[in-house]
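The values are calculated or read from the model by the stated rules, or taken from the named source; none is laboratory data. Only a predicted model underlies this, so the values are computations on that prediction, with no experimental measurement involved. Cβ: placed from backbone, ideal geometry, glycine included. Neighbour counts: every protein chain shown.
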């Protein structure tokens with residue numbers, strides 16, 4: 001089968017990153033690839049496309065993926081596209097492949113009755129954000145069109161008449177959630193490569209809810225980049241919050257995919273706090289148990305200490321106790337750097353004393369945006385893992401210009417942001433006893449959330465603390 005892939009890409013800095021190049025190189029083994037980017041590639045990325053002899057279309061960043069596909073199709077022209085037996089519309093939000101693509105191609109070639117197919121599907125739901133009733137549909141990150149549909153007036157009129165969306169929501173409404181039903185109603189037959197009918201009553205979006213399951217058990221060759229940085233609050237409404245961490249562990253242990261290249265790329269473009277929440281960059285180590293007998297210098301690490309004071313005597317006491325307890329686990333903490341090559345800054349977790357947690361969040365929300373401007377790193381309202389409890393282990397490679405001097409409270413946030421700028425992440429750690437307390441702490445709030453009176457009481461406490469602050 002002769003295939004053409006139109007691969008949509010976007011990067012605010014014009015970088016065609018390693019994961020995109022990995023995907024394009026794999027696709028080119030079985031298809032011709034046209035790269036269409038919303039923006040202008042940097043010089044090195046453009047040079048790579050020239051070496052690879054890719055057809056590159058650079059365009060204004062308007063219309064999201066819909067505009068990119070439309071322009072690519074109309075620029076190439078109907079006659080040129082229809083020389084192929086199958087057209088693939090794919091975007092960079094997919095990462096992979098994790099397994100050889102031959103299995104997918106061969107499986108779908110045997111499905112001769114299909115006029116179009118997709119990698120995965122999203123099940124029906126009600127969504128005010130996306131226009132109300134959203135039908136079951138193939139997800140637009142990977143759509144394949146073939147045969148009579150590819151050559152039809154229906155397909156080409158669809159793109160010729162498409163109005164460019166002005167928002168992500170418009171893009172989803174005008175194309176992603178519309179495409180499948182629109183062509184199915186015209187009599188074209190469709191299906192998804194990854195079969196998830198048994199999950200329909202459990203998850204509406206299986207590729208996000210259980211990506212490891214799709215890769216390991218259902219032969220899905222791709223996963224979503226967004227798995228690693230999606231809103232964790234949304235994840236906890238839909239899942240148990242372990243999807244990204246399980247996916248990452250599977251990719252490191254059981255697959256040959258260079259997942260750390262993807263993580264390093266995401267550190268450049270996503271808030272550290274979002275990645276830390278999804279990938280659980282919070283470690284539990286044993287107390288009073290010897291770690292590796294190796295010097296910090298030998299390990300390429302440095303111990304940074306600084307004075308931290310609480311805003312009140314109780315908070316101050318808990319912070320000092322946290323520092324003392326954490327120092328007993330220094331050896332185990334050191335070993336985490338060997339296990340995690342992208343770990344740049346590791347520090348003790350803040351004690352669970354509510355005032356310590358509240359003060360940290362309040363301070364971040366006051367200074368975070370301004371500090372992020374010094375490092376050009378993206379941030380959100382959630383504080384990133386930072387050394388707020390007295391000391392940190394830092395990997396010297398994460399600070400090629402030297403470790404920033406920590407002189408005041410604001411400087412504590414610059415350590416993780418500087419490491420992130422250099423391609424490393426930050427994490428916190430705690431003892432098993434602390435982790436057990438944290439679990440109990442969470443259970444109290446989960447239970448309270450089911451009791452309206454308790455919710456009102458807790459809300460009153462939060463307002464009180466806010467007014468005091």
Point to revise | Test result for residue 13, under 26 Å from residue 165 (Cβ atoms) and surrounded by fewer than 22 Cβ atoms within 10 Å (Cβ to Cβ) | key: yes
Exercise for review: Could you please let me know if residue 124 is loosely packed, with under 15 Cβ neighbours inside 10 Å, more than 26 Å from residue 75 (Cβ to Cβ) and either over 31 Å from the mean Cα position of the chain (by Cα) or without any contact (Cβ under 8 Å) to a residue 60 or more places away in the chain (or both)?
Suggested key: no
Exercise for review: Quick one: in segment 48-71, of everything that is under 21 Å from residue 166 (Cα atoms) and without any contact (Cβ under 8 Å) to a residue 40 or more places away in the chain, which residue is farthest from the chain's Cα centre (by Cα)?
Suggested key: 71
Check your understanding: Which number in (1) out of contact with any strand residue (DSSP E or B) (no Cβ under 8 Å at 6 or more places or on another chain); (2) within 29 Å of residue 219 (Cα to Cα) marks the one condition that residue 190 misses?
Key -> (1)
Check your understanding: So which residues in segment 20-30 are outside any loop (DSSP other than H, G, I, E, B) and either out of contact with any strand residue (DSSP E or B) (no Cβ under 6 Å at 6 or more places or on another chain) or in contact (Cβ under 8 Å) with a residue 60 or more places away in the chain (or both)?
Key -> 20, 21, 22, 23, 25, 26, 27
Review point. Mind checking which residues of segment 31-80 are in a helix (DSSP H, G or I) and touching a helix residue (DSSP H, G or I) at 6+ places or on another chain (Cβ under 8 Å)?
Key: 48, 64, 65, 66, 69, 70, 73, 74, 78
Check your understanding: Out of all the residues in segment 93-102, is one or more more than 18 Å from residue 172 (Cβ to Cβ) and in a helix (DSSP H, G or I)?
Key -> yes
Practice item. Would you be able to say whether some residue in segment 364-382 is surrounded by fewer than 18 Cβ atoms within 10 Å (Cβ to Cβ) and closer than 22 Å to residue 325 by Cα? Key: no
Review point. In the list 47, 102, 95, 133, which residue meets the criterion of being crowded, with 22+ Cβ neighbours inside 10 Å and assigned by TED's automatic domain parsing to the domain that holds residue 158?
Key: 95
Review point. What residue, among those in segment 258-286 that are assigned to a loop (DSSP other than H, G, I, E, B) and in contact with a strand residue (DSSP E or B) (Cβ under 8 Å, 6 or more places away or on another chain), is farthest from residue 384 (Cα to Cα)?
Key: 286
Point to revise | Given (1) surrounded by fewer than 18 Cβ atoms within 10 Å (Cβ to Cβ); (2) out of contact with any strand residue (DSSP E or B) (no Cβ under 7 Å at 6 or more places or on another chain); (3) under 23 Å from residue 145 (Cα atoms), number of the condition residue 55 does not satisfy | key: (2)
Check your understanding: On the given criteria, is residue 90 buried (at least 21 other Cβ atoms within 10 Å of the Cβ), in the same structural domain as residue 172 (by TED's automatic domain parsing) and not in a helix (DSSP H, G or I)?
Key -> yes
Exercise for review: Considering every residue within segment 5-14, establish whether at least one is in the same structural domain as residue 167 (by TED's automatic domain parsing), touching a strand residue (DSSP E or B) at 6+ places or on another chain (Cβ under 7 Å) and farther than 20 Å from residue 222 by Cα.
Suggested key: no
Study note, to complete from the structure: When every residue in segment 426-449 that is surrounded by fewer than 18 Cβ atoms within 10 Å (Cβ to Cβ) and at pLDDT 85 or above is compared, the one nearest to residue 339 (Cα to Cα) is 432
